[in-house]
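Asks: Have a look at this one before I ask anything.
Nothing in this text is a laboratory measurement; each read-out follows from the coordinates by a stated rule. The model shown is predicted, which means the values in this text are computed figures rather than measured ones. When we count neighbours, we look across all protein chains shown, and the Cβ atoms used for this are built from the backbone with ideal geometry, even at glycine.
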Amino acid sequence: MNRFITLTAIPLLFLSCTKEGIDMDDVVVPKGYSLSAGTSTIFMNSSKAYDNPADWVSGSYETRFYRGDRLYDDARTSSNNYGGGLGPVYAGYSCGSCHRSAGRTKPGVWTENGVDENGNPTYGSGQYGFSAMLIYITRKNGVFFQDYGRVVHDQAIYGVEPEGKVKVDWHYQSFTFPDGEPYELCYPQFTITDWYKKMWDGVKGDSVEIKPEELFCTVRIPLRHVGMGQMMALDPAEIEALAAKSNYPEYGISGRCNYITERGVRSVGLSGNKAQHLDLTVELGFSSDMGATNSRYPEEICEGQLQMSQGSMMGLSYDQLDVSTEDMEDVDLYMQSLGVPARRNVNDPTVIRGEQMFYQAKCHLCHVTTLHTKVGGSVLLNGTRLPWLGNQTIHPYSDFLLHDMGSEIMGVGLNDNFVSGLARGNEWRTTPLWGVGLQEKVNAHTYFLHDGRARNFTEAIMWHGGEGEASKNLFKNMNKTDRNALIAFLQSL
């Protein structure tokens with residue numbers, strides 16, 4: 001039976017829907033909530049708000065959902081029951097290690113303010129802990145380093161050397177709003193230490209060290225896995241239409257698509273910080289993040305490096321794939337079938353005022369409130385279709401376009417010098433805001449932006465430059481009550 005529903009940005013009294021061939025009871029929408037993701041909207045605001053299936057998930061899809069959930073969270077080792085294959089070098093030991101509860105694991109650079117009780121960094125050199133970040137490196141001309149590839153893998157299995165460790169120095173500067181309220185911005189400066197050593201005729205040789213003057217280094221903390229299925233079901237034509245009309249010279253805004261070619265197909269990129277992927281790159285995550293070989297990426301990420309022989313001495317075998325296509329598609333299904341938390345407190349007068357301020361600051365010109373998914377829904381990486389995601393009106397608060405976010409704030413801005421497809425270093429995909437207000441509850445932190453430099457919503461807004469400069473200044477010049485109301489609105493999403 002087909003489902004026909006009408007979605008609005010205000011609370012509905014009820015939503016009548018059906019699973020395929022199965023009638024569902026009417027779902028009563030509690031007062032103070034509104035729908036965000038059509039049939040995938042769920043009404044949960046606990047620490048598990050990102051990590052529950054949509055109501056349409058049932059039967060064999062439900063079985064596969066929970067299998068994918070287990071594979072997503074399972075710490076991969078060389079001997080566990082679900083395939084193993086960790087390492088020899090890696091960045092995360094499971095999907096869930098960086099995306100705890102399908103959110104953003106607290107970045108290690110901020111743990112206990114970055115130092116232990118003795119003043120030593122809790123993450124940075126050698127013996128220090130898990131970072132929950134990806135460390136991207138390129139040459140100054142954008143070319144990858146032959147002995148590393150695109151990512152420095154800062155973790156390794158026992159007996160194997162990591163490729164390197166990232167050291168972080170933080171820089172702080174104080175500012176005041178026009179009404180006198182103080183705020184602070186900080187940014188990280190990354191350097192790499194403890195580079196691994198090459199093998200020469202079976203003997204360790206010199207470090208494969210890259211000189212700082214030859215290196216661009218950028219760090220990414222995890223993205224929230226909220227609304228992944230709806231994103232994959234978006235109609236590319238609607239995104240292209242947004243790009244065609246996303247030209248507001250009075251505010252300096254002009255978004256554009258990042259066109260990507262993957263698996264021989266060229267289309268609009270949607271996934272990733274710079275819209276640099278056409279899918280959720282489950283296979284790439286298994287390969288680059290965990291060192292798990294698969295059908296799309298069958299070679300070890302440290303092929304030809306010292307760590308291969310070290311792994312062999314640890315008993316690792318490289319003659320079979322570590323994770324099957326079926327397993328990867330179950331993880332893909334899990335991510336795309338997650339429910340999206342409904343908005344909260346939408347009848348609160350402060351939140352209502354904050355929404356008005358959101359529009360007054362022109363945030364909606366990039367953080368577009370309403371989009372639509374295409375008929376037929378999305379298709380998973382091994383061909384399974386999810387028609388329930390199709391023909392939906394959704395509220396992701398993003399246009400999924402690239403925008404220049406500036407380079408001049410504190411002398412650095414948000415330019416990370418890392419090119420992804422057509423995206424330049426200063427260009428970033430508009431971050432979807434649905435679910436953002438629950439991040440603190442789910443992941444116990446409010447660090448935002450690509451590297452976690454923004455420690456709260458205010459700092460995230462004040463880092464906007466380039467095409468975000470006008471909105472930032474409109475927010476900056478509001479009175480404190482209206483600024484706080486806008487923040488309360490963001491917390492309701």
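Asks: On average over all directions, what projected area in square nanometres does the chain have, based on the convex hull of its Cα atoms? Please report the intermediate quantities before stating the final value.
Replies: Values: hull surface 95.0 nm².
One quarter of the hull surface, i.e. the mean projection, equals 23.8 nm².
Asks: Which GluC sites (Glu not before Pro) in the stretch 261-354 pass both tests, a DSSP loop state and at most 16 other beta-carbon atoms within 10 Å?
Replies: Details: sites: GLU262, GLU283, GLU299, GLU300, GLU303, GLU326, GLU329; in loops: GLU299, GLU300, GLU303.
Passing sites in the stretch 261-354 are GLU299, GLU303.
Asks: Suppose we flag trypsin sites (Lys or Arg not before Pro) only when DSSP calls them loop and at most 11 other Cβ atoms lie within 10 Å. Which is the longest uninterrupted stretch of the chain? Write out the running numbers ahead of the final one.
Replies: Details: sites that count: LYS31, LYS140, ARG263.
Maximal segment without exposed cleavage sites: 264-493.
Asks: Using only Cα positions of the stretch 321-368, each an equal point scatterer, no hydration layer, compute I(q)/I(0) via Debye at q = 0.14, 0.28 Å⁻¹ and quote the log10 values to two decimals.
Replies: Debye curve over Cα of the stretch 321-368, log10 I(q)/I(0) at q = 0.14, 0.28 Å⁻¹: -0.61, -1.00.
Asks: From the cross-link list LYS362/LYS476; LYS140/LYS167; LYS106/LYS480; LYS167/LYS211; LYS211/LYS274, which pairs have alpha carbons spaced over 21 Å apart?
Replies: Numbers: LYS362/LYS476 13 Å; LYS140/LYS167 19 Å; LYS106/LYS480 29 Å; LYS167/LYS211 15 Å; LYS211/LYS274 27 Å.
Over 21 Å Cα-Cα: LYS106/LYS480; LYS211/LYS274.
Asks: Taking the Cα centre of the chain as the origin, how large is its charge dipole in debye, to the nearest 20, when only Lys and Arg (+1) and Asp and Glu (-1) carry charge on their Cβ atoms? If you can, show how the numbers build up before the last one.
Replies: Details: 43 positive and 58 negative charges, 198 e Å.
So the magnitude is around 940 debye.
Asks: Then there's this: Hey, any idea what the orientation-averaged projected area of the convex hull of the stretch 288-359's Cα atoms comes to, in nm²? Show your work: numbers first, answer last.
Replies: Values: hull surface 36.8 nm².
About 9.2 nm², averaged over all directions.
Asks: State, to one decimal in nm, how far the label point of PHE130 lies from the label point of TYR259, with both points 7 Å from Cα in the Cβ direction.
Replies: It works out to 4.1 nm between the two label points.
Asks: Which distance in nm do the two modelled labels at VAL419 and TYR66 give, with both placed 7 Å along the Cα-to-Cβ direction?
Replies: If labels sit at VAL419 and TYR66, their model points lie 4.9 nm apart.
Asks: For LYS441, which aspartates and glutamates qualify as cross-link partners when the Cα separation must be under 13 Å and same-chain residues fewer than eight apart are set aside?
Replies: Here the aspartates and glutamates satisfying the reach criterion relative to LYS441 are ASP51.
Asks: Do you know the relative contact order of the stretch 369-487, to the nearest whole percent, from alpha carbon pairs under 8 angstrom that are 6+ apart?
Replies: Details: 163 pairs, mean separation 23.5, N = 119.
About 20 percent, as a whole number.
Asks: Between ASN456 and SER295, what FRET efficiency follows from the Cβ-Cβ distance if R0 is 41 Å, with the result rounded to 0.05?
Replies: Working: r = 42 Å, r/R0 = 1.03.
Given R0 = 41 Å and the Cβ-Cβ separation, E is 0.45.
Asks: May I pose another question? Can you compute the FRET efficiency between GLU213 and ALA244 using 1/(1 + (r/R0)^6), with r the Cβ-Cβ distance and R0 = 30 Å? Round to the nearest 0.05. Before the final figure, lay out the partial values.
Replies: On the way: r = 42 Å, r/R0 = 1.38.
The calculated FRET efficiency here is 0.10.
Asks: Based on the Cβ-Cβ distance of GLN360 and SER47, what FRET efficiency does E = 1/(1 + (r/R0)^6) give at R0 = 30 Å, to the nearest 0.05? Walk me through the numbers before you get to the answer.
Replies: On the way: r = 33 Å, r/R0 = 1.10.
Calculated value: 0.35.
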